[in-house]
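First the structure, in the form of structure tokens, and then the observations on it.
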Ligand SMILES: [Zn+2]
């Protein structure tokens with residue numbers, strides 16, 4: 001379990017550093033109104049319990065190089081590519097599912113089993129016949145996968161928070177978060193950078209640790225860079241420092 005979470009974290013940090021280094025937030029285009037953190041949460045909560053560790057590694061690899069990277073749910077997979085280079089990073093963290101794990105090269109059998117497992121559960125679907133460059137797959141988001149839909153429905157039956165609490169929470173509730181991003185026109189309110197649903201984050205003006213709440217008045221849109229620089233310091237300190245530079 002910890003291993004899986006570490007994999008998801010490394011995926012997230014990889015994406016984040018891409019966005020920061022290349023300043024290419026626009027590259028991560030919005031896809032069907034979802035946000036990256038929500039997709040990752042769905043993967044962890046709904047899909048991960050259904051997958052074997054190496055299946056998860058492959059799924060994350062597919063997701064990263066399709067929907068997340070270019071907003072397009074299709075990816076062409078060559079068996080040779082999967083066995084060697086491309087899958088190295090995704091595969092290296094997995095300790096089960098292949099005798100070649102140490103070398104970072106998945107065995108043919110491992111690749112085959114992972115792809116079959118993902119197809120069986122409906123996480124990917126083959127499109128058309130394979131050609132010389134490989135096989136085309138349509139990658140599905142957890143919300144499109146039947147077992148995940150069931151799992152979510154089960155979770156929804158257990159009442160966790162009241163409708164009033166939902167309405168007031170602009171931090172944890174997806175629909176409400178989007179309202180803040182829209183209010184701020186998808187711009188970082190500190191540095192002005194143009195953001196997308198995948199790169200925007202919310203920042204507490206008064207930190208939760210100092211009694212700040214999740215109301216709309218206490219939240220601002222921030223890029224990851226500004227948000228992590230600010231961490232839990234009060235807004236006044238942060239702005240003073242920014243001005244001084
Ligand atoms: Zn910023």
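Laboratory data are not the source of any read-out in this text; all were calculated from the coordinates shown. Computed from a prediction, not measured in an experiment: that's the story for all the values here. For neighbour counting, all protein chains shown are included, and Cβ atoms are generated from backbone atoms with ideal geometry for every residue, glycine included.
Applying 1/(1 + (r/R0)^6) with r as the Cβ-Cβ distance of residue 112 and residue 44 and R0 = 30 angstrom yields a FRET efficiency of 0.70.
Packing, as the average of other Cβ atoms within 10 Å across residues, places the peptides 53-59, 171-177 in the order 53-59, 171-177, highest first.
With a 10 Å Cβ neighbour count serving as the proxy for reagent exposure, in which order, fewest first, do 164, 196 appear?
Ascending number of Cβ neighbours within 10 Å: 164, 196.
Full extension of the segment from residue 133 to residue 179, taken as 0.36 nm per residue of separation minus the current Cα-Cα distance, would add 12.3 nm.
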